[in-house]
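The values are calculated or read from the model by the stated rules, or taken from the named source; none is laboratory data. Here the structure is a predicted model, which means the values were calculated and not measured. Here the Cβ positions follow ideal geometry from the backbone for every residue, glycine too, while neighbour counts run over all protein chains shown.
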Amino acid sequence: MSELRKILLSKKTCKSIWFMRQAGRYLPEFRKIRSQNQDFIKLCLNTKLCSEITLQPVKRFDFDSAIIFSDILMVPYALGQEVKFIKNYGPELSNFDFKKFKKNDEKKFSKKLENIYKAIKITRENLNKNKSLISFVGAPWTLLIYMLNLKKGKNEIDLNRLNHENLEIDQIIKDLNKYLCIHIKNQINAGADVVQIFDSWAGLIPEKDINKYCFLPNLEIVKFCKNLNIPSICFPKGIKNKYKDFKEIVKPNCMSLDSEIDPMWAKRNLKDVVIQGGLDPKILLKPDDEIFKAATKYIQTFKDTPYIFNLGHGLLPETDPDKVDKLIKFYRNFNG
């Protein structure tokens, strides 16, 4: 059993480190592959390259876990939406067609993503057995934001559409949960042993709707994972002190902190759960002494708590790999 899986299932204090987006655009070896593969969706479905990219940061830094190189939007892709990644803009999805969406079936969905599962199998075969292979999905709300193009600005959503298409949205979330659970099971069957659920836009949910759009959909996925004996890490980014309510309702094995959560608040309020992350990825753009000072705050706060050292979001593209290397060594050698 991998060390990360042991920590998540036993809630014992142990050293473990991995970073969100550790496989990707800050690494020169990834950028070389990316420059030769302009279509991001095709790259995610390239079994050989997907596995190679996943293992790049493990080979370079000896992270304790690998996370499969993929994207949360592979699920909308497999459900029939066209997904494009526009340079300096981000993802762009074709107009959502509810009738077409309802015609999806499980076999076709799994078939469209089978190269991801093959990549997981290959990666597991080439990964030290003590290291976890993390699979992941986007939570229904976060996928909904992209699928229905609900964002109006950086931190604003189209509430009119949300309110006027209520019944349809309820049905979409229900169906999404079904397909997300299928995707999780397929990834686990292929060799992944932990799942992280990214609710990256949970902070945009109106407070009155947080139970409906965040807590309950995540709860359904976590229950599914528990039935498979698969530990789950939940990342409901941006919900501030609602992290406590989330933990008490959803009951995942682990709560991944975003950078806005004060670590001391988390230690006091998030009991009986493994805690992960919190360190602001922007700190890795700072001088070494500032990086180590910020890291020390998290290490010391959670020194007697089941804690996985990670970031409060993914590594930024402009991050210097040498800074990552220094931070990993600082964490592993820390004796304070």
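Data overview
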{"read-out": "Count of residues meeting criterion [under 30 Å from Lys271 (Cα atoms) and part of a helix (DSSP H, G or I)] in the stretch 307-326", "value": "1"}
{"read-out": "Residues that are among the charged types (D, E, K, R), surrounded by fewer than 20 Cβ atoms within 10 Å (Cβ to Cβ) and in contact with a Phe, Trp or Tyr (Cβ under 9 Å, 6 or more places away or on another chain), drawn from the stretch 39-57", "value": "Asp39"}
{"read-out": "Answer residue from the stretch 2-37, given it is touching a residue at least 24 places away in the same chain (Cβ under 8 Å) and aliphatic (A, V, I, L, M) and is surrounded by the fewest Cβ atoms within 10 Å (Cβ to Cβ) among those", "value": "Leu9"}
{"read-out": "Residues of the stretch 216-242 satisfying the condition of being over 23 Å from Gln187 (Cβ atoms) and either buried (at least 23 other Cβ atoms within 10 Å of the Cβ) or under 15 Å from the mean Cα position of the chain (by Cα) (or both)", "value": "Gly238"}
{"read-out": "Flag for Lys237 being under 21 Å from Gly314 (Cα atoms), outside any helix (DSSP H, G or I) and in contact with an Asp or Glu (Cβ under 7 Å, 6 or more places away or on another chain)", "value": "yes"}
{"read-out": "Lys303 being over 21 Å from Ile210 (Cβ atoms) and not in a helix (DSSP H, G or I)", "value": "yes"}
{"read-out": "Selection count, the stretch 95-120, where residues are outside any helix (DSSP H, G or I), at pLDDT 95 or above and more than 14 Å from Leu176 (Cα to Cα)", "value": "1"}
{"read-out": "Which listed residue, of Leu285, Leu316, Leu279, Leu257, is touching a helix residue (DSSP H, G or I) at 6+ places or on another chain (Cβ under 7 Å), at pLDDT 95 or above and surrounded by fewer than 17 Cβ atoms within 10 Å (Cβ to Cβ)", "value": "Leu316"}
{"read-out": "Filter result (of a type in the set (Asp, Glu), farther than 18 Å from Asp193 by Cβ and in a loop (DSSP other than H, G, I, E, B)) within the stretch 27-71", "value": "Asp39, Asp62, Asp71"}
{"read-out": "Meets criteria (under 25 Å from Lys323 (Cα atoms) and assigned to a strand (DSSP E or B)) for Gln276", "value": "yes"}
{"read-out": "Helices (runs of 4 or more DSSP H) wholly inside the stretch 121-220 containing at least 3 residues that are in contact with a helix residue (DSSP H, G or I) (Cβ under 6 Å, 6 or more places away or on another chain) and touching a residue at least 60 places away in the same chain (Cβ under 8 Å)", "value": "140-147, 166-190"}
